[in-house]
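Here the structure comes first, spelled out in structure tokens, and everything after it is commentary.
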Amino acid sequence: MATLTSRFDEAFNFAHEIHGAQTRKGNSSPYIGHLMGVASIVLDDGGGEDEAIAALLHDAAEDQGGRTRLEEIRTRFGDGVAR
């Protein structure tokens with residue numbers, strides 16, 4: 001399993017900031033649980049930290065800010081996460 005650094009913690013906090021008030025469609029489960037689940041699958045399948053961070057933030061641009069949000073992700077976490 002990949003070694004996670006403070007970048008992952010920062011990405012989790014950022015994802016929570018963006019999606020903290022959202023719930024899953026059709027129920028009241030916090031949306032952040034979905035994002036953590038996807039990141040867990042990525043890590044279990046041998047993905048690295050960049051891929052796990054991308055999993056945490058995979059809906060950020062689509063749901064919360066478009067291209068501007070994507071550029072913020074690129075600036076904060078790098079091209080490997082933003083692509």
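Would you confirm whether any residue within the range 15-29 is touching a helix residue (DSSP H, G or I) at 6+ places or on another chain (Cβ under 7 Å), surrounded by fewer than 19 Cβ atoms within 10 Å (Cβ to Cβ) and modelled with pLDDT of 95 or more?
We begin by selecting, within the range 15-29, every residue touching a helix residue (DSSP H, G or I) at 6+ places or on another chain (Cβ under 7 Å); these are 15-16, 18-20, 22-24.
Of the ones still in play, those that are also surrounded by fewer than 19 Cβ atoms within 10 Å (Cβ to Cβ) are 16, 20, 22-24.
Next, from what is left, pick out any that are modelled with pLDDT of 95 or more: 16.
Checked against the condition, which is being touching a helix residue (DSSP H, G or I) at 6+ places or on another chain (Cβ under 7 Å), surrounded by fewer than 19 Cβ atoms within 10 Å (Cβ to Cβ) and modelled with pLDDT of 95 or more, the range 15-29 yields at least one hit.
Would you point out the residue of the range 1-16, among those that are farther than 13 Å from Ala60 by Cβ and of a type in the set (Gly, Ala, Ser), that is farthest from the chain's Cα centre (by Cα)? Outline the logic, then answer.
Going residue by residue through the range 1-16, those that are farther than 13 Å from Ala60 by Cβ are 1-10.
Narrowing the set further to residues that are of a type in the set (Gly, Ala, Ser) leaves 2, 6.
Numbers: Ala2: 16, Ser6: 14 Å.
Per the criteria, the residue is Ala2.
Could you tell me whether any residue of the range 47-67 is among the polar types (S, T, N, Q), in a helix (DSSP H, G or I), surrounded by fewer than 18 Cβ atoms within 10 Å (Cβ to Cβ) and modelled with pLDDT under 95?
No; the residues of the range 47-67 include none that is among the polar types (S, T, N, Q), in a helix (DSSP H, G or I), surrounded by fewer than 18 Cβ atoms within 10 Å (Cβ to Cβ) and modelled with pLDDT under 95.
Gly37 versus (1) assigned to a loop (DSSP other than H, G, I, E, B); (2) exposed (fewer than 13 other Cβ atoms within 10 Å of the Cβ): which is the lone unmet condition?
Result: Gly37 fails condition (1) only.
Is there a residue in the range 75-83 that is of a type in the set (Lys, Arg), in contact with a helix residue (DSSP H, G or I) (Cβ under 6 Å, 6 or more places away or on another chain) and assigned to a helix (DSSP H, G or I)?
no
The values are calculated or read from the model by the stated rules, or taken from the named source; none is laboratory data. Everything numeric in this text was worked out from a predicted model, so none of it was measured. All Cβ positions, even for glycine, are placed from backbone atoms using ideal geometry, and neighbour counts span all protein chains on display.
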